[in-house]
Structures are given as structure tokens and as C-alpha cells.
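The next block holds one structure in the form of C-alpha cells; read it before the comments.
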Amino acid sequence: MIWDNWFSLASKIGLSEAQSADMQAIFGRYYGEKHRHYHNLDHVEALLTHIDRWPEAWGDPIAVQLAAWFHDIIYLPHKRDNEHQSARFAERQLATWTLPAAQITKISQMIIATAGHRAEGLDQDGRAFLDLDLSILGSELAVYQQYVASIRQEYRLYPNLIYRPARRKILRAFLERERLYFTPTAYERWEQAARANIQAELNSLA
């Protein structure tokens, strides 16, 4: 269960029971916002599950898990700076705990990098984290289609006349990349399926 993960992580970084419970309420409030259909606690839990399955991938598993918890804490579909706002939120909160400044900076960098999913300046943890954040692209077709429907729900304030061209631009940009995934494991596991899923969605928006 996702909260078991949080309380275990909170214990590792030295939070008190009261601090852990307060943060649980904060995560629940933000990720439970009614406009969220994909960028919610289910998405966070999916990332945490992948992180647990890749123990050999992480130099700093605590930083990666904290990045997963905070990376979408601010999410408003009509805003363009959600990732940066989430990073600032994380920095302010993490600074009140006993975490090294370098670790806070690393977490912030991983969160900001999810804005364009570019790996420049990231270490191996950061590159692998970006891969997990895009793991949904390489999922089975039915799961991918549900993801597509959930994203459309989040952007339901925009009519198709606006949404479809914008979505096509994003999908084409992904397909134009030499590779979608930075780590060998993710590339082998998801690259081919992700490109097929993206192309299928792009065709449906033609």
C-alpha cells in the first residue's frame, strides 16, 4: 500500500510520527484534487513500485523515492510551470527536515527534468527516474489507452480544436527522439512498445 511506503521512507529520513502524518495529509490533499485523473496517487504508487523492482539501479534510493512523491505535487493543467513549482515546493519542505543540501538539490533537479524529460546534467539515478516516469508509454495497449483517456480528462477544459494539435505536437516530438529511454533496461523493455503506442495515438488524432 502506498502509505506503507511513505511511512517507511519517513522513518528512514528521521521524521517523527507527527511529521509523517502531517505530510501524509498534504500528499493526500494535493494528489487527491478533483481535476487529477492520471497525475494522482496511482501514478506515484506506480513509480514507487518500479523503484522497488529496480533496487540495483539506485545510488541514492531515498532521493529517488522522494522525487517520486513530490514530482507532481503541483499540477494544474492550464499552467506551464508545474514541474518547477513542484520542485520549489519540495525544496521548501525538504529544507525543514534533516536532509543534506546536495540531496535536496538532486531531488529538485530530477523533478524539474520531468518537464521536458531531458537528461542533461542528471546522474544515473536521474536518468532512470525519467525512464520510470515515462514507463506508461510502453505499457500494454489497453493500459496506454486508459492513460490517454485520463490525460484528456485532465485537459477537458480545452476543446478538441485546441487539444488535438497540442497533443500531436507532443507526440511527434517524442517520436523524433533518437530514443525515448535513457537506460538500457528501460530501452529494452519499453522503447518498441512506446513508439507503437504513440504512433497509434497520433494516427487517432489525425
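The values are calculated or read from the model by the stated rules, or taken from the named source; none is laboratory data. Since the structure is predicted, the reported quantities are computational estimates derived from the model, not experimental observations. A quick note on method: Cβ atoms are made from the backbone with ideal geometry, for glycine too, and the neighbour counts reach across all protein chains shown. Accessible surface areas use protein heavy atoms only, side chains included; no ligands, DNA or RNA. Shrake-Rupley method; radii C 1.70, N 1.55, O 1.52, S 1.80 Å.
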Original post:
What residue among L99, A193, A166 has its Cα farthest toward the positive end of the dipole of the chain, where the charges are +1 on Lys, Arg and -1 on Asp, Glu, each on the Cβ?
Top reply: A166
**OP:** For the range 19-27, just list the computed ³J(HN,Hα) in residue order, Karplus coefficients 6.51, -1.76 and 1.60, θ = phi - 60°, integers in Hz, with x standing in for Gly and Pro.
**Re:** 4, 4, 5, 4, 5, 4, 5, 5, 4
Original post:
Once you put a point 7 Å from the Cα of Q192 and another 7 Å from the Cα of I162, both along the Cβ direction, what distance in nm separates them?
Top reply: 4.0 nm
Subject >> Debye, to nearest 20: dipole size of the chain, +1 on Lys, Arg Cβ, -1 on Asp, Glu Cβ >> reply: 940 debye
Subject >> Dimensions in Å of the range 76-119 - Rg and Dmax from alpha carbons >> reply: 11.1, 34
**OP:** Give the angle, between 0 and 90 degrees and rounded to the nearest 10, that separates the Cα long axis of helix 61-70 from the longest principal axis of the Cα atoms of the chain.
**Re:** 60 degrees
Subject >> Unit charges at the beta carbon, dipole of the chain: most positive-side option, L157, A67, A142 >> reply: L157
Original post:
Per the 1.4 Å probe, what fraction of the accessible area of the range 73-166, in percent, lies on carbon and sulfur atoms?
Top reply: 56 percent
**OP:** Calculate one ³J(HN,Hα) per residue across the range 150-157 by plugging θ = phi - 60° into the Karplus curve 6.51 cos²θ - 1.76 cosθ + 1.60, and present them in order as whole Hz with x for glycine and proline.
**Re:** 5, 4, 4, 5, 5, 9, 5, 5
Subject >> the chain, accessible area per residue, ligands and nucleic acids excluded (1.4 Å, Å²) >> reply: 51 Å²
**OP:** Round to the nearest 0.05 the FRET efficiency obtained for R88 and Q146 when R0 = 41 Å and r is the Cβ-Cβ distance.
**Re:** 0.85
Original post:
Magnitude of the Cβ-charge dipole of the range 159-206, K/R +1 and D/E -1, about the Cα centre, nearest 20 debye?
Top reply: 220 debye
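What value in Å³ per residue do you get for the convex hull of the alpha-carbon atoms in the range 1-77? Don't skip to the answer; put the middle values down first.
On the way: hull volume 6.8 nm³, N = 77.
Here the figure is 89 Å³ per residue.
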**OP:** Can you tell me the dipole magnitude for the range 1-74 around its Cα centre, using point charges on the Cβ only (Lys, Arg +1; Asp, Glu -1), in Debye to the nearest 20?
**Re:** 160 debye
